[in-house]
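Nothing in this text is a laboratory measurement; each read-out follows from the coordinates by a stated rule. Predicted model only: the values in this text are computed from it and were never measured. Neighbour counts run over all protein chains shown; Cβ positions are idealised from the backbone, glycine included.
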Amino acid sequence: SAVISQKPSRDICQRGTSLTIQCQVDSQVTMMFWYRQQPGQSLTLIATANQGSEATYESGFVIDKFPISRPNLTFSTLTVSNMSPEDSSIYLCSARGQWDTEAFFGQGTRLTVV
Amino acid sequence: GIQVEQSPPDLILQEGANSTLRCNFSDSVNNLQWFHQNPWGQLINLFYIPSGTKQNGRLSATTVATERYSLLYISSSQTTDSGVYFCAVSGSARQLTFGSGTQLTVLP
């Protein structure tokens, strides 16, 4: 199993500002992902974080709004840029190893934009 | 992409009752997981079960991959079982696709 530390756990931000969320995994993993969970909804994939290259974004999500970095196999960041109240959500980092192994999640970042 | 449907969307039980949650998926999968999301938003891994049957205490799960469904059984439910239960699958793509969840409320 993998232990994933995500921070901050929660934040209240002013509209128009940006927040960077960090995700640290305790072991080397192949795949890292970022998900968004809007209030009362299920989880939606934002992007796959690729080591040393640009992230792969899902339809409806763009790099300018959600820039992602993954400088090594165990660390990734997600930035929520130019925030609006519609960005208020829980953001979750996920990781899994090779060959379709079990996926694990960080504890999430609860973001409120005012 | 793969579609995931969970039922029922909401379930209210008295403490001590048993329940069955269902997850249907639209294509063959190589990963299926059940999660419990607690009131603080954290996802707790319950089962990694792309096929077969597993049990962990009062919880058990069965996946019939050929018929594209999975069941999560909760026996002798407790108030601490309350929360949202998610089924998530992945196929040829490596990322998980989540169902809409089942909101479980266990009353004392």
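Right, A:THR17: outside any strand (DSSP E or B) and either farther than 30 Å from B:LEU104 by Cα or without any contact (Cβ under 8 Å) to a residue 60 or more places away in the chain (or both) or not? Yes; evaluated as a whole, the condition is true for this residue. As a summary of the residue check, A:SER69 satisfies the conditions (1) under 26 Å from B:GLN6 (Cβ atoms); (2) assigned to a strand (DSSP E or B); (3) of a type in the set (Gly, Ala, Ser) except for the one numbered (1). The residues on offer are B:THR80, B:THR105, B:THR63, and the sole one that is among the hydroxyl-bearing types (Ser, Thr, Tyr) and out of contact with any strand residue (DSSP E or B) (no Cβ under 6 Å at 6 or more places or on another chain) is B:THR80.
Let's see how each residue does on (1) more than 10 Å from every other protein chain (Cβ to nearest Cβ); (2) part of a loop (DSSP other than H, G, I, E, B); (3) surrounded by 13 or more Cβ atoms within 10 Å (Cβ to Cβ):
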| residue | (1), (2), (3) |
| --- | --- |
| A:ILE21 | yes, no, yes |
| A:ARG36 | yes, no, yes |
| A:GLN41 | no, yes, yes |
| A:GLN51 | yes, yes, yes |
| A:SER76 | yes, no, yes |
| A:LEU92 | no, no, yes |
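Taking B:VAL106, is it buried (at least 17 other Cβ atoms within 10 Å of the Cβ), among the β-branched types (Val, Ile, Thr) and within 10 Å of chain A (Cβ to nearest Cβ)? For B:VAL106, the condition - buried (at least 17 other Cβ atoms within 10 Å of the Cβ), among the β-branched types (Val, Ile, Thr) and within 10 Å of chain A (Cβ to nearest Cβ) - is not met. Checked across the range B:52-69, the condition of being among the small types (Gly, Ala, Ser), away from every other protein chain (no Cβ under 12 Å) and outside any strand (DSSP E or B) holds for at least one residue.
Applying a threshold of 6 Å to beta carbon distances and a minimum spacing of six or more residues, or different chains, the list of pairs starting in the range B:75-99 at a residue that is under 17 Å from B:SER28 (Cβ atoms) and ending at one that is of a type in the set (Asp, Glu) and outside any helix (DSSP H, G or I) reads B:GLY91/B:ASP27.
Quick check, is B:PRO39 within 13 Å of chain A (Cβ to nearest Cβ), free of Cβ contacts under 8 Å to residues at least 60 places away in the same chain, closer than 19 Å to A:PHE104 by Cα and surrounded by fewer than 15 Cβ atoms within 10 Å (Cβ to Cβ)? Answer is yes for this residue. In the range B:70-89, how many are surrounded by fewer than 20 Cβ atoms within 10 Å (Cβ to Cβ), not in a loop (DSSP other than H, G, I, E, B) and not aliphatic (A, V, I, L, M)? Result for the range B:70-89: 4.
Can you work out which of the residues in the range B:90-103 that are more than 9 Å from every other protein chain (Cβ to nearest Cβ) and part of a strand (DSSP E or B) is nearest to the chain's Cα centre (by Cα)? For the range B:90-103, the residue satisfying everything is B:THR102. If you go through the range A:94-112 and pick out every residue that is at the interface with chain B (Cβ under 10 Å from one of its Cβ atoms) and touching a Leu at 6+ places or on another chain (Cβ under 9 Å), you end up with 9. Within the range A:78-90, being out of contact with any Leu (no Cβ under 8 Å at 6 or more places or on another chain), part of a loop (DSSP other than H, G, I, E, B) and farther than 19 Å from A:GLN22 by Cβ holds for A:ASN82, A:SER84. With respect to (1) within 30 Å of B:ASP10 (Cβ to Cβ); (2) surrounded by 14 or more Cβ atoms within 10 Å (Cβ to Cβ), the lone exception for A:MET83 is condition (1).
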